[in-house]
């Protein structure tokens, strides 16, 4: 069985986006290629078990084994040495990506305290969207009692096609991302 949002994209969103933005070719329509989830664990040099705990938690959230990221260069002010294990990340594709996005939009984000919507302005020059989450405890897959330390994470939506940030924003809106509506979009 295909993911619900994948079916929705193929059956309705693709056609709507093609007519709304006057794309002659289906390949011009923006599409979600992957979701990258990154969790920084800068204090893992002092306590290596924190990195293992973060990897376990990220694995439970995504259903996929995370990989360890190492520092590319030394930064004395952060007490980071080149080659030190400082983060873990997961890249989601296909049905897992759509299922994660569905859970994120419909279960996780509404659990955020004092939620007023997500900023629609976090697009980079390539048109990809990055969402920052302050703590991992908002995911229902995790048991709050077993969390070693509260950590934030970045969730990056990487797009393909010829879409501009405006088209990519509209695609995320059609998928169900709860954007703030009172803010001016640029």
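The values are calculated or read from the model by the stated rules, or taken from the named source; none is laboratory data. As the structure is a prediction and not an experimental result, all values here were calculated from the model. Neighbour counts are summed over all protein chains in view; Cβ atoms, including those assigned to glycine, are modelled from backbone coordinates with ideal geometry.
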Residue satisfying all of: in the stretch 13-29; touching a residue at least 12 places away in the same chain (Cβ under 8 Å) and assigned to a helix (DSSP H, G or I); surrounded by the fewest Cβ atoms within 10 Å (Cβ to Cβ) among these: 27
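Looking only at the stretch 72-83, count every residue that is farther than 28 Å from residue 96 by Cβ and not in a helix (DSSP H, G or I) and tell me the total. Step through it out loud before you land on a result.
Taking the stretch 72-83 as the starting set, the residues that turn out to be farther than 28 Å from residue 96 by Cβ are 73-83.
In the following step, the residues that additionally are not in a helix (DSSP H, G or I) were identified as 73-75, 79-83.
Residues in the stretch 72-83 being farther than 28 Å from residue 96 by Cβ and not in a helix (DSSP H, G or I): 8 in total.
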- prompt: Can you pull out the residues in the stretch 87-107 that are assigned to a helix (DSSP H, G or I) and either under 12 Å from the mean Cα position of the chain (by Cα) or closer than 13 Å to residue 64 by Cα (or both)?
  reply: 94, 95, 96, 97, 98, 99, 100, 101, 102, 103, 104, 105
field: Tally, over the stretch 46-64, of residues that are in a loop (DSSP other than H, G, I, E, B), closer than 18 Å to residue 148 by Cβ and under 16 Å from the mean Cα position of the chain (by Cα)
entry: 0
message: So in the stretch 30-61, with the set limited to residues that are modelled with pLDDT under 85 and under 25 Å from residue 157 (Cβ atoms), which one is surrounded by the most Cβ atoms within 10 Å (Cβ to Cβ)?
response: 41
In the stretch 136-163, the residues that are exposed (fewer than 13 other Cβ atoms within 10 Å of the Cβ) and touching a strand residue (DSSP E or B) at 6+ places or on another chain (Cβ under 9 Å): 152
